[in-house]
1. Please specify each residue of the range 35-57 satisfying the condition of being touching a Leu at 6+ places or on another chain (Cβ under 9 Å) and farther than 14 Å from V84 by Cβ.
Amino acid sequence: MRTNGENSDILVLKMGGKVEKIATVTPKVVHLMGAPDDTIQAIVSIIPAEKYDFSIMDKPLEPGKNIDVELKQTKGKKHSWELVVTNLRKVVGRYYEVVTLKTDSVYQPEIKIRVFGNVAAKGTLKSTTP
């Protein structure tokens, strides 16, 4: 912040506050790993916070080049969704994509989910999860 004061032309301004979660997205980042002939999928759970209830539009804004996505409303829950992310890539290599879901929330009009893919020959991938 700048000022035209005589003693200093720079003023340090500190701000603080509580950040509230609009929704719980689990996992926050999708990792798809496997061989070209494997079925590689992940499911992302999206649950709005009660205080900031919202709906998700039917389709992602842009389909991926290496992935397919399907949005399903969770059975028995009015505002809860599962996003099924499926690898489409059939050649060895890595990729990165972002799935963008449009919401009717004024606080968070879009939800972005990052997807990392690693398609490798059978037997060459090592799991990074315990």
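Just so it is clear, none of the values below were taken in a lab; they were calculated from the coordinates. Please read these numbers as outputs of a predicted model, since none were measured by experiment. Cβ: placed from backbone, ideal geometry, glycine included. Neighbour counts: every protein chain shown.
1. A35, M57
Residues checked against (1) surrounded by 17 or more Cβ atoms within 10 Å (Cβ to Cβ); (2) of a type in the set (D, E); (3) in contact with a helix residue (DSSP H, G or I) (Cβ under 9 Å, 6 or more places away or on another chain):
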| position | (1), (2), (3) |
| --- | --- |
| I43 | no, no, no |
| S55 | no, no, no |
| K72 | no, no, no |
| S105 | yes, no, yes |
| N118 | yes, no, no |
| T124 | no, no, no |
